[in-house]
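Take a look at the structure set out below.
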Amino acid sequence: MTDIAKTPETPYYAVIFTSERTDGDNGYAEMADEMVKLASIQPGFLGIESAREGLGITVSYWESLEAIQKWKQNERHLVAQRQGISDWYLTYKTRVCKVERDYGFEKL
């Protein structure tokens with residue numbers, strides 16, 4: 001991902017997923033692409049931003065806590081979560097936040 005997500009007026013929610021990876025790809029890139037595509041069609045999904053340079057940080061944006069919970073329980077996402085624990089991550093942390101304010105700048 002290289003684009004900044006276009007989010008609506010606040011409030012909305014952010015899920016911040018921070019991780020350290022194991023060595024090698026082991027199918028990670030393919031599954032990560034699949035998860036982005038699948039999340040993007042979930043009701044309540046607003047956008048995603050991701051960066052990795054050693055430490056990986058992915059922030060997904062959602063309309064509601066209910067939408068986040070449904071995504072967490074998505075059958076294919078559950079498979080990815082289990083594989084993440086077994087194959088891809090040394091450690092990870094997930095944080096769910098309510099976005100109360102956002103602002104920015106865009107050079108035209």
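Numbers at a glance
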{"item": "Among residues of segment 59-108, those that are in a strand (DSSP E or B), β-branched (V, I, T) and more than 16 Å from A5 (Cα to Cα), counted", "result": "3"}
{"item": "Count - residues of segment 1-12 that are without any contact (Cβ under 8 Å) to a residue 40 or more places away in the chain and polar (S, T, N, Q)", "result": "1"}
{"item": "Candidate set: segment 13-57, residues that are among the β-branched types (V, I, T) and without any contact (Cβ under 8 Å) to a residue 40 or more places away in the chain; chosen: the one surrounded by the fewest Cβ atoms within 10 Å (Cβ to Cβ)", "result": "I41"}
{"item": "Flag if R52 is under 16 Å from the mean Cα position of the chain (by Cα) and either more than 22 Å from D25 (Cα to Cα) or acidic (D, E) (or both)", "result": "no"}
{"item": "Selected residue (criterion: surrounded by the most Cβ atoms within 10 Å (Cβ to Cβ)) from residues of segment 58-108 that are aromatic (F, W, Y) and within 17 Å of A39 (Cα to Cα)", "result": "W62"}
{"item": "Close pairs from segment 81-108: first within 22 Å of G47 (Cα to Cα), partner among the small types (G, A, S), Cβ under 6 Å, at least 6 apart", "result": "Y92/S19; C97/A14; V99/A14"}
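FYI, it's all coordinate maths here, none of it is from the lab. All of these numbers come straight from a predicted model, not from anything done at the bench. No Cβ is skipped: glycine too gets one built from the backbone with ideal geometry, and neighbour counts run over all protein chains shown.
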